[in-house]
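The structure appears below as structure tokens.
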Amino acid sequence: MNKSKIRNKIIKLRKKNFLKSGQINFLSIIKILRKNKVKSKNIGGYYAYNYEMNIMSILEKFEKLGYSISLPKINKNSKMNFFHWSTKDPMKVNQYGIPEPVSIKIKYPDILLVPLLAYDNNLNRIGYGGGFYDRYIARTKRKKKIITIGLAYSFQKVKKIPINRHDMKLDFVITEKDH
């Protein structure tokens with residue numbers, strides 16, 4: 001199955017099952033960070049869009065633990081960067097209808113929570129096809145170590161995702177079934 005067909009199938013599935021599905025267990029993320037001895041408290045998240053896994057409560061918990069939070073913004077040349085954000089900060093809606101931080105302070109997260117449409121056993125992911133996360137992860141990994149954790153519903157798993165040279169594997173994927 002090609003990426004476009006997988007995208008269409010999962011978008012429909014996610015919309016249909018969104019309200020019936022559980023949430024990510026915050027402790028599942030903490031376990032990964034502890035197991036990998038991650039000391040950084042600099043985490044990049046996202047604002048859920050189009051029935052993605054909502055992680056606002058997770059970001060609030062990280063903030064209460066003293067983590068610095070950042071969210072993505074897409075600039076005019078379709079380049080994505082992460083900007084400082086607090087749960088008390090205002091946001092503005094971008095050209096895709098996704099809320100973004102108003103901050104102009106770029107942050108380079110050491111831990112990146114990544115939304116996705118589909119994933120496989122090899123930690124490959126499919127997003128919406130714009131390549132924003134693949135480009136950002138590739139660019140950041142050239143500069144520093146970054147841990148990428150995909151967040152998804154278990155029904156978003158597919159047998160095999162076709163990949164190309166621009167696709168970036170995730171380090172981990174967590175679903176609502178991981179506790």
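The values are calculated or read from the model by the stated rules, or taken from the named source; none is laboratory data. Quantities reported herein were computed from a predicted structural model and do not represent experimental measurements. Positions of Cβ are backbone-derived with ideal geometry, glycine not excepted, and every protein chain shown enters the neighbour counts. Surface accessibility is based on the protein's heavy atoms, side chains included, excluding ligands, DNA and RNA. Shrake-Rupley method; radii C 1.70, N 1.55, O 1.52, S 1.80 Å.
Restricting attention to segment 1-26, the residues that are among the hydroxyl-bearing types (Ser, Thr, Tyr) and either closer than 11 Å to Leu117 by Cβ or loosely packed, with under 13 Cβ neighbours inside 10 Å (or both) add up to 1. Please enumerate the residues belonging to segment 152-179 that are in contact with a Ser or Thr (Cβ under 8 Å, 6 or more places away or on another chain), not in a loop (DSSP other than H, G, I, E, B) and not charged (D, E, K, R). If the condition is that a residue be in contact with a Ser or Thr (Cβ under 8 Å, 6 or more places away or on another chain), not in a loop (DSSP other than H, G, I, E, B) and not charged (D, E, K, R), then Ser154, Phe155, Gln156, Phe172, Ile174 are the ones that fit.
Can you find a residue that is within 30 Å of Lys160 (Cβ to Cβ), more than 14 Å from the chain's Cα centre (by Cα) and modelled with pLDDT under 95 anywhere in segment 53-71? Within segment 53-71, not a single residue is within 30 Å of Lys160 (Cβ to Cβ), more than 14 Å from the chain's Cα centre (by Cα) and modelled with pLDDT under 95. Can we say Ile29 is open to solvent by less than 30 Å² (accessible area, probe 1.4 Å), in contact with a helix residue (DSSP H, G or I) (Cβ under 8 Å, 6 or more places away or on another chain), touching a residue at least 12 places away in the same chain (Cβ under 8 Å) and more than 25 Å from Tyr96 (Cα to Cα)? Spelling it out, Ile29 is indeed open to solvent by less than 30 Å² (accessible area, probe 1.4 Å), in contact with a helix residue (DSSP H, G or I) (Cβ under 8 Å, 6 or more places away or on another chain), touching a residue at least 12 places away in the same chain (Cβ under 8 Å) and more than 25 Å from Tyr96 (Cα to Cα).
Among the residues of segment 86-107, is any under 16 Å from Ile55 (Cβ atoms), touching a Gly at 6+ places or on another chain (Cβ under 8 Å) and modelled with pLDDT of 95 or more? No, that holds for no residue. Take Asn94 and decide whether it is open to solvent by less than 50 Å² (accessible area, probe 1.4 Å), within 15 Å of the chain's Cα centre (by Cα) and among the polar types (S, T, N, Q). Spelling it out, it is not the case that Asn94 is open to solvent by less than 50 Å² (accessible area, probe 1.4 Å), within 15 Å of the chain's Cα centre (by Cα) and among the polar types (S, T, N, Q). Close contacts from segment 1-21, counting a first residue that is within 15 Å of Pro162 (Cα to Cα) and of a type in the set (Ser, Thr, Tyr) and a second that is open to solvent by 50 Å² or more (accessible area, probe 1.4 Å) and not in a helix (DSSP H, G or I), with Cβ to Cβ under 9 Å and a gap of 6+ residues or different chains, come to Ser4/Gly129. Against the conditions (1) open to solvent by less than 70 Å² (accessible area, probe 1.4 Å); (2) on the phi < 0 side of the Ramachandran plot; (3) without any contact (Cβ under 8 Å) to a residue 60 or more places away in the chain, Leu113 satisfies every one except (3).
Number of residues in segment 52-82 that are in contact (Cβ under 8 Å) with a residue 40 or more places away in the chain and open to solvent by 60 Å² or more (accessible area, probe 1.4 Å): the value is 1.
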